[in-house]
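Below is one structure, written out as structure tokens; comments come after it.
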Amino acid sequence: MSKATTFLKIIDSHTGGEPTRVIVKGCPDLGIGTSAQKIQTLRENYDWIRTATLLEPRGFEAMVGAILTEPHSEDCVAGVIFFNNSGYLNMCIHGTIGLAATLKHMGVINSGSHKIDTPVGIVTIHLNDDDSISVDNVASYRYKSEISVEVPNYGTITGDIAWGGNWFFLIDNQGPKVIPENIAALTDFTQAVMAALLEQGITGEDGGEIDHIEVFGPAADDHSDSRNFVMCPGGEFDRSPCGTGTSAKLASLYDSGKLAAGDTWRQSSIINTIFTGEVTPTGEANQVIPTVTGSAWINGETTVIINPDDPFAFGIHY
Ligand code: PYC
């Protein structure tokens, strides 16, 4: 990077409490490749964009970032790459809902349905009349059911492995109760499960790393069907119900015959924000296209100034 000061224009939003920071101007050209190729370019040459915008003193650990890119596919309105405090995400639905609200705020889209190019494939966003936003995710599926892992201090924990755009380990009613008072205990538990899966070589299909752990408990009230706690890579929990996690759950429910096409699943987060989900079977084995609906709120618009003389211009690296 040159010694010149860099200016990045950002629009902040939150989806169900989980922040999305979209960089809309000022990023270097990432070329014409696929989103997956662009991630590689970012990681190798421009990782300072991620650290400068998301790490302290400008950001904090729960924040997800997104870079608007030229779409690889002509029928897409935009391309996107998601990242967080520890690296690059395959997919992020709360972030896609935040991106849709951002594109609307910018006047790029107004209403209707639009395709977005993501690193895991093309998804469709729908701007609904009630101001909610739906995302038709990539095909999702339960890869394995009732897999047991030995977790130090917690014993045998059993869950499903499912793909919802990221790899998830889905745990029902084990570990600390899924209530806000247990956030610290749930953080320790889910991090221990993630480490045990890694150590015991338990992965998604083709060795895909399981980097999201989702624990489900009973609903807090009759506004939802269940409350979850989702641990993300980077050690922070999702304030939203996690759209890729909701997708993985929908796929798992469908595969076990507990959810049929047309049924609605209302997933609450640990802070009681809600995504609703439905599935459309693809016709291929146990795969479904999950549609996840939520709302995002624009809550900031600013310019990040990266002065290379600032000792923390590129974030604090603890
Ligand atoms: O909503 O898919 C999601 C997500 C992934 C990580 C944080 N949020």
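The values are calculated or read from the model by the stated rules, or taken from the named source; none is laboratory data. Source: prediction; values computed, not measured. Cβ: placed from backbone, ideal geometry, glycine included. Neighbour counts: every protein chain shown.
Assorted remarks:
- Only one of Asp136, Asp160, Asp172 that is touching a residue at least 12 places away in the same chain (Cβ under 8 Å), closer than 28 Å to Ile298 by Cα and of a type in the set (D, E, K, R): Asp136
- Residue match in segment 11-29 (condition: assigned to a loop (DSSP other than H, G, I, E, B), out of contact with any strand residue (DSSP E or B) (no Cβ under 8 Å at 6 or more places or on another chain) and farther than 19 Å from Asn85 by Cβ): yes
- Filtering segment 194-219 to residues that are more than 16 Å from the ligand (Cβ to nearest atom) and over 25 Å from Ile274 (Cα atoms) leaves Ala195, Ala196, Leu197, Leu198, Glu199, Gln200, Gly201, Ile202, Thr203, Glu205, Asp206, Gly207.
- Residue check, Ala4 under 18 Å from the mean Cα position of the chain (by Cα) and at pLDDT below 95: no
- Some residue of segment 48-55 being out of contact with any strand residue (DSSP E or B) (no Cβ under 9 Å at 6 or more places or on another chain), among the hydrophobic types (A, V, I, L, M, F, W, C) and more than 16 Å from the ligand (Cβ to nearest atom): yes
- Glu61 fulfils the conditions (1) within 21 Å of Pro290 (Cβ to Cβ); (2) surrounded by fewer than 20 Cβ atoms within 10 Å (Cβ to Cβ); (3) within 16 Å of the ligand (Cβ to nearest atom) except for a single criterion, (1).
- Note on segment 70-107: among residues that are surrounded by fewer than 20 Cβ atoms within 10 Å (Cβ to Cβ) and among the polar types (S, T, N, Q), the one that is nearest to the ligand (Cβ to nearest atom) is Ser86.
- Taken as a whole, the condition of being away from the ligand (no atom under 12 Å from the Cβ), in contact (Cβ under 8 Å) with a residue 24 or more places away in the chain and part of a strand (DSSP E or B) does not apply to Val178.
- Residues within segment 223-245 that are more than 7 Å from the ligand (Cβ to nearest atom), in contact with a Ser or Thr (Cβ under 6 Å, 6 or more places away or on another chain), among the small types (Gly, Ala, Ser) and within 11 Å of Ala62 (Cα to Cα), tallied: 1
- Of Ile270, Ile274, all but one fail to be within 17 Å of His14 (Cβ to Cβ), crowded, with 24+ Cβ neighbours inside 10 Å, in contact (Cβ under 8 Å) with a residue 60 or more places away in the chain and more than 12 Å from the ligand (Cβ to nearest atom); the exception is Ile270.
Results for (1) free of Cβ contacts under 8 Å to residues at least 60 places away in the same chain; (2) surrounded by 16 or more Cβ atoms within 10 Å (Cβ to Cβ); (3) touching a helix residue (DSSP H, G or I) at 6+ places or on another chain (Cβ under 8 Å); (4) of a type in the set (S, T, N, Q), shown as yes or no for each residue.
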residue	(1), (2), (3), (4)
Ala192	yes, yes, no, no
Gly201	yes, no, no, no
Gly204	no, yes, no, no
Gly208	yes, no, no, no
Gly217	yes, yes, no, no
Arg239	no, yes, no, no
Gly262	yes, no, no, no
